[in-house]
Every structure is written in C-alpha cells, then in structure tokens.
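Here is the structure we will look at.
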Amino acid sequence: MYKLIALVKRKPGITKQQFKDYFENQHSKLGEKYLPPYCKKYLRRYMEWIPSPMKPGQTAGPDFDCLVEFWFDTEADSKAFEASVSTPELLKFIVEDEERFLDRPNTFRYVLEDHLSFGPE
C-alpha cells in the first residue's frame, strides 16, 4: 500500500461543525467521484486535542481539524490520480471548492511508511 495523509485546517471564520458538514456533505463527494479507481480508501478523521495527564502544563500543538487518508495500491496509482485531476478546468474547480472551507496555506500532505509492532494489518 502507498498511503498519503493530509493534515487539514479549517478556514478562519468557520466553526468546526461547519467545516465538518461541508467536508462530509460537499467536498468528500468530489473525492468519491474522482479518486476511484486509483485510490482504494479515502478516510477523514476529525481531530480534537486532549491534554495528556503525563504532560502537565502542555499546551495544544499544531491546530489541525482533520487528518485525511488516501490509500493507493502503488505510488504509480497516486501519480495517475494526480494526473487525472490536473486539467486546468478541473484543478480550478477543486481549488475553488477547497477555498470555501479549508485554510489551504496551512494544509500539508505527507507520505506514510508503516512499521507494525503488533495487531491486525
């Protein structure tokens, strides 16, 4: 598996609930439309910071609202997906939609490398 994640922050001025509602009811539909057949799993994990009792006095870390996972069979599938949505018209449409609810300059993507110690794969 080739996995990408995005750490996503909501646009200033919208609530966490507005962000989640828009992501789930609008933007995720674009993923459902354009990610297949390249992407095998598209998952959003909404985050809320909680203080650790083992770290008294710790303040909240980077302020992200959602961790988005994209699972591909191969890196080539990920690149094929990117190519499939890179036409100027479609790219413009996706960016305009993201600007409705995302803080785009403060959203970051990463490739994951998994190392399992125990538990199901």
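None of the figures in this text is laboratory data; all of them are computed from the coordinates on show. Since the model is a prediction, treat every value here as computed from it, not as a measurement. Positions of Cβ are generated from backbone atoms using ideal geometry, with glycine treated the same way; all protein chains shown enter the neighbour counts.
Going down the list Lys20/Lys92; Lys16/Lys40; Lys11/Lys92; Lys9/Lys33; Lys11/Lys33, which pairs span over 25 Å between their C-alpha atoms? Write down the numbers at each step before the final one.
Numbers: Lys20/Lys92 22 Å; Lys16/Lys40 27 Å; Lys11/Lys92 18 Å; Lys9/Lys33 23 Å; Lys11/Lys33 23 Å.
Those over the limit are Lys16/Lys40.
Taking the structure as given and computing log10 I(q)/I(0) by the Debye sum over Cα atoms at q = 0.11, 0.19, 0.20 Å⁻¹, which label from [x] -0.45, -1.16, -1.24; [y] -0.31, -0.99, -1.11; [z] -0.62, -1.08, -1.09 fits?
Here log10 I(q)/I(0) by the Debye sum over Cα atoms at q = 0.11, 0.19, 0.20 Å⁻¹ agrees with entry [x].
Which residues' amide hydrogens lie under 5 Å from the amide hydrogen of Lys11, considering only partners 5 or more residues apart or on another chain, with H built in the peptide plane?
Leu102, Asp103
Go ahead and estimate [θ] at 222 nm for the chain from helices alone: -39,500 (n - 2.57) per DSSP H run with n ≥ 4, summed, over the residue count, rounded to 500.
Estimated from H runs of four or more residues: -8500 deg cm²/dmol.
Expressed in nm to one decimal, what extension gain is obtained for the pair Met1 and Glu69 from 0.36 nm per residue of sequence separation less their Cα-Cα distance?
My answer for the length gained is 23.3 nm.
What distance in nm separates the two pseudo spin-label positions at Val111 and Leu90, each 7 Å out from Cα along the beta-carbon direction?
With each label placed 7 Å out from Cα toward Cβ, I get 2.2 nm.
From the backbone phi of segment 112-121, what are the Karplus-calculated ³J(HN,Hα) couplings (6.51 cos²θ - 1.76 cosθ + 1.60, θ = phi - 60°) in whole Hz, Gly and Pro given as x?
Whole-Hz 3J(HN,Hα) from phi for segment 112-121: 9, 10, 8, 9, 8, 8, 7, x, x, 6.
Between beta-carbons, use under 10 Å as the cut-off and find the net charge around Ile5, counting Lys and Arg +1, Asp and Glu -1.
+2
How long is the gain from Lys55 to Glu98 if the chain were fully straight, where each residue apart is worth 0.36 nm and the alpha carbon distance is subtracted?
12.0 nm
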